[in-house]
Amino acid sequence: MNKIEVRNIYKIFGTRPERWLKAAQEGMSKEALLERSGHTLGLRDISLSIKEGDIHVIMGLSGSGKSTLIRHFNRLIEPSAGQILVDGIDVMGLKPKALERFRQQKMSMVFQRFGLLPHRTVLDNAAYGLAVQGVRRAARNERARHWLEQVGLSGFEAQYPHQLSGGMQQRVGLARALATDAEILLMDEAFSALDPLIRHEMQDQLLALQAKLNKTIVFITHDLDEALRLGNRIAILKDGELVQEGTPEDILLSPANDYIESFLQDVNRGKVLNASHAVTERPLTLTMRSHPAHAVDRLLARDYDYAAVLDGKRLAGVLMRADAQRAAREGARDISRYLSDMASVPASAGLDEVLAQLLRTPEPVAVTGAQGEFVGLLSRSKVVELVTPGAGTSAPSEAEAVAADAPGSVSVAVPEGEPSAAPKQVA
Ligand SMILES: Nc1ncnc2c1ncn2[C@@H]1O[C@H](COP(=O)(O)OP(=O)(O)O)[C@@H](O)[C@H]1O
Ligand SMILES: [Mg+2]
């Protein structure tokens with residue numbers, strides 16, 4: 001379900017924005033508009049859907065319109081044209097009282113510069129949003145304590161902001177935002193002022209909290225690594241326009257244009273892409289009860305040296321062609337006693353880890369899901385292609401050959417959004 005939806009938003013800053021809307025709609029550039037009219041194009045024709053429970057990142061360089069965009073969500077900024085829906089409600093239609101309630105209850109914001117009140121204690125700062133909502137002192141302090149504990153700040157309640165480090169101050173900001181119990185968190189460059197190490201810790205903490213809370217989080221950053229690390233989806237803005245929107249994989253695997261590509265140059269692809277992105281399309285699979293003659297037929301039909309063998313959904317092992325032939329000669333009822341162990345990697349394993357494993361073994365490698373279920377066979381050439389795009393595709397490797405199609409093959413879909421728990425390895 002869409003939690004936030006904006007449709008065809010334009011924002012022009014200046015004294016007579018309505019006079020220049022048409023020019024902006026007809027495509028006048030940001031520079032030309034400024035020169036001709038003294039008006040600044042903040043946003044041009046932005047449409048975006050933000051799903052409930054997602055961390056949706058909005059990324060772009062300074063001045064690209066990120067803050068302008070999220071301020072539309074709670075109508076801190078009014079659009080020059082376009083529509084804003086939150087939970088299906090047209091935000092522009094809210095009367096002043098309703099708008100006030102909406103701002104206090106639906107969304108909370110976390111800012112880059114923490115926005116703490118210097119002369120109030122950590123506890124009072126964390127309870128601030130609740131005080132604004134009119135929650136009584138005892139109740140709001142209790143909730144503020146709870147959220148301070150959640151962000152790891154128990155024991156600091158009586159301190160003042162200046163006594164805390166930047167990371168700790170931002171944790172107070174986060175506790176304050178979470179304490180109001182708003183369904184939507186708007187985080188505007190919330191971690192940008194922090195040192196890299198602290199920043200990484202805060203990202204981990206946000207991901208851990210989100211796994212429990214399942215809020216809708218709109219997270220602004222100008223940092224691509226942060227975007228790829230946190231976002232379920234990422235929207236990239238440039239000069240007030242939406243250049244590309246999609247999952248981190250969408251963006252890495254098919255950048256919309258040169259601008260995005262130049263952005264992606266320094267990304268550690270091996271960390272962002274995982275084993276599930278590099279499985280063969282339709283591997284040959286057999287079951288424990290497959291008849292040896294049938295197994296041999298299928299291996300020969302595709303000229304394969306081996307096939308993955310499943311026990312239900314789980315990977316049981318690998319059947320080598322020679323062993324299938326031996327099973328047939330020995331008149332075995334099924335292939336179950338002729339399997340070898342098969343190495344596997346979790347679907348969530350980063351391709352850099354996977355690459356290391358591939359270099360250690362020439363054997364086929366399976367990809368398994370969080371419950372140990374078989375996801376597919378790893379394609380060596382895909383791993384290489386994904387980690388170093390444009391490096392030129394080499395001749396199909398052994399594992400790649402397994403991807404070739406054959407009638408009656410069992411196709412295995414790669415599940416989207418692999419859970420990150422790592423299953424035990426078979427070998
Ligand atoms: N209140 C304002 N008046 C005039 N121009 C503004 C105002 N707010 C933002 N802008 C302009 O809109 C553009 C987008 O700004 P902003 O949303 O703050 O970018 P970002 O958050 O991506 O750094 C910039 O060109 C900025 O100068
Ligand atoms: Mg900004």
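How many of the residues making up the range 318-343 are within 23 Å of N274 (Cα to Cα) and either of a type in the set (D, E) or touching a helix residue (DSSP H, G or I) at 6+ places or on another chain (Cβ under 9 Å) (or both)?
The number of residues fulfilling the criteria is 2.
Can you report the number of residues in the range 244-262 which are open to solvent by 40 Å² or more (accessible area, probe 1.4 Å), more than 11 Å from the chain's Cα centre (by Cα) and not polar (S, T, N, Q)? Break it down stepwise before answering.
Kept after step one, since they are open to solvent by 40 Å² or more (accessible area, probe 1.4 Å), are these residues of the range 244-262: 245, 249-250, 253-254, 256-259, 261-262.
Adding the requirement that they be more than 11 Å from the chain's Cα centre (by Cα) leaves 245, 253-254, 256-259, 261-262.
Filter once more, keeping what is not polar (S, T, N, Q): 245, 253, 256, 258-259, 261.
The number of residues fulfilling the criteria is 6.
Quick check on the range 29-66: of everything there that is farther than 24 Å from L85 by Cα and near ligand 1 (Cβ under 9 Å from one of its atoms), which residue is least open to solvent (accessible area, probe 1.4 Å)?
By that ranking, first place goes to H39.
Would you tally the residues in the range 178-204 being in a loop (DSSP other than H, G, I, E, B), in contact with a helix residue (DSSP H, G or I) (Cβ under 6 Å, 6 or more places away or on another chain) and under 22 Å from F102 (Cβ atoms)?
The number of residues fulfilling the criteria is 1.
Would you mind finding the one in L76, L69 that is within 13 Å of ligand 1 (Cβ to nearest atom) and open to solvent by 10 Å² or more (accessible area, probe 1.4 Å)?
Sole residue among the options that is within 13 Å of ligand 1 (Cβ to nearest atom) and open to solvent by 10 Å² or more (accessible area, probe 1.4 Å): L76.
How about the range 304-325: which of its residues are in a loop (DSSP other than H, G, I, E, B), open to solvent by 50 Å² or more (accessible area, probe 1.4 Å) and in contact (Cβ under 8 Å) with a residue 12 or more places away in the chain?
Applying the first criterion (in a loop (DSSP other than H, G, I, E, B)) to the range 304-325 yields 304-305, 312-313.
Within this subset, residues satisfying the condition of being open to solvent by 50 Å² or more (accessible area, probe 1.4 Å) are 305, 312-313.
Selection gives D305, K313.
For the range 198-222, which positions are closer than 21 Å to G270 by Cβ and either open to solvent by 50 Å² or more (accessible area, probe 1.4 Å) or out of contact with any Asp or Glu (no Cβ under 9 Å at 6 or more places or on another chain) (or both)?
Scanning the range 198-222 gives H200, D204, L207.
Quick test of your reading of the structure: A328 fulfils all but one of (1) touching a strand residue (DSSP E or B) at 6+ places or on another chain (Cβ under 6 Å); (2) assigned to a helix (DSSP H, G or I). Name the failing condition by number.
(1)
So which of M109, M168 ends up being open to solvent by 20 Å² or more (accessible area, probe 1.4 Å), among the aliphatic types (A, V, I, L, M) and closer than 30 Å to M1 by Cα? Spell out how you get there, then give the answer.
Working: M168 fails: closer than 30 Å to M1 by Cα.
Testing whether each residue is open to solvent by 20 Å² or more (accessible area, probe 1.4 Å), among the aliphatic types (A, V, I, L, M) and closer than 30 Å to M1 by Cα leaves just M109.
The values are calculated or read from the model by the stated rules, or taken from the named source; none is laboratory data. Everything quoted here is computed from the prediction, not taken from an experiment. Positions of Cβ are generated from backbone atoms using ideal geometry, with glycine treated the same way; all protein chains shown enter the neighbour counts. For accessibility, only protein heavy atoms count, side chains too; no ligands or nucleic acids. Shrake-Rupley method; radii C 1.70, N 1.55, O 1.52, S 1.80 Å.
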